[in-house]
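Here is the structure we will look at, set down as structure tokens.
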Amino acid sequence: MAWYGFRRHSAYPLSALAEATSNVAFGFVRAFVLMALWNARPSLGGYDVTDAVTFCFLTQALIGPVQIFGGLELTQRIRDGDVAVDLHRPVDLQGWWLADDLARAAATLLLRGGPPLVAGAMVFPLRWPGPGTLAAFGVALLLAVLVSFGLRYLVALAVFWVHDDRGLASASLVMGMFFSGMIVPLVAFPGWLGEAARALPWAALIQVPADVFLGKRTGADLLAALGFQAAWAVALLVAGRAVTAAVRRRLVIHGG
């Protein structure tokens, strides 16, 4: 399923290039905003201007893999009733969609991950990780995708009860944008707000992988960061498993 999913999600490279171009354009807008903030508040949150600009273009590269703006196709299949076919397949529903989502993340990273970083490096000095840090970042990115899937899978399954996911999806989008660090790095959040934001699962999507990439997490702190991501990934996947068992008794198709 993962292999066929990868082929499907990488079938339109020109479309991916157009999306990457959009990510680059917004990356420059965000970069200048963050530069203004860090020029006014040097060393805010332990970042310097180079860290902030690198964070900006890195997060633009991660938009696709961690799927900040999108949900799962499962949502539409639940609304249409096609999920009945999925539930009758001789495979686990959660495992099927997880395999597809991991393939989507890999294809998106391959097609859309590079242009924002390359474009940013052509204009600004960026901070690049060493081999060891890059390997740790790869682990952090994989865990970020798992956390993202866990969140989006629960939102999709909620359609079995609410029948229309638009309100829940909009709330999830706002929470994800704000508490992941996508708008402003969480290190810039003051006091209790910053502490709360860094404890929520959305921090595992953007802020933690970015900190690892920038070398802000090393030694025991790195293990704690990866453990934080892994704990949320396991919690969300276990919750998804429990809800999947519940929806098998909840399924209603065309009122029957």
Q | For a label point 7 Å along the Cα-to-beta-carbon line of D92, residues of segment 214-245 with backbone N under 14 Å | A | 234-245
Q: Rank-order 5-11, 37-43 by packing density, defined as the average count of other C-beta atoms within 10 Å over each peptide's residues, highest first.
A: 5-11, 37-43
**Q.** Probe 1.4 Å, protein heavy atoms only - accessible area per residue of segment 1-68 in square angstrom
**A.** 49
Q) So what is the accessible area of segment 111-256 per residue, in Å², with the probe set to 1.4 Å? A) 47
Q: For F69 and T50, compute 0.36 nm times the residue count separating them, minus their Cα-Cα distance, and round to one decimal in nm.
A: 4.2 nm
Q) Just one of [x] 17.5, 50; [y] 18.9, 62; [z] 18.0, 57 is Rg and Dmax of the Cα atoms in Å calculated from these coordinates, so which is it? A) [y]
Q: May I ask you to derive the FRET efficiency for W128 and R241 from their Cβ-Cβ distance with R0 = 41 Å, giving the value to the nearest 0.05?
A: 0.60
Q.
Under 10 Å, Cα contacts only: if you run a Gaussian network model on the chain, which one of L151, L14, L200 comes out with the highest mean-square fluctuation?
A. L14
Q. To the nearest 10 degrees, how steep is helix 114-123 against the longest Cα principal axis of the chain, on a 0 to 90 scale?
A. 20
(Q) When a/c reaches 1.5 or more, the comparison of a/b and b/c decides; with that in mind, is segment 185-233 rounded, prolate or oblate per its Cα gyration tensor? (A) oblate
Q: Note the angle between two axes, namely the Cα long axis of helix 131-157 and the longest principal axis of the Cα atoms of the chain, as a number of degrees from 0 to 90, rounded to the nearest 10.
A: 40
Q. Once label points are set 7 Å from the Cα along Cα→Cβ at both D221 and V139, what is their separation, rounded to one decimal in nm?
A. 1.7
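The values are calculated or read from the model by the stated rules, or taken from the named source; none is laboratory data. Keep in mind that this is a model prediction, so the values were computed, not measured. When we count neighbours, we look across all protein chains shown, and the Cβ atoms used for this are built from the backbone with ideal geometry, even at glycine. SASA here: full protein model, heavy atoms, side chains in, ligands and nucleic acids out. Shrake-Rupley method; radii C 1.70, N 1.55, O 1.52, S 1.80 Å.
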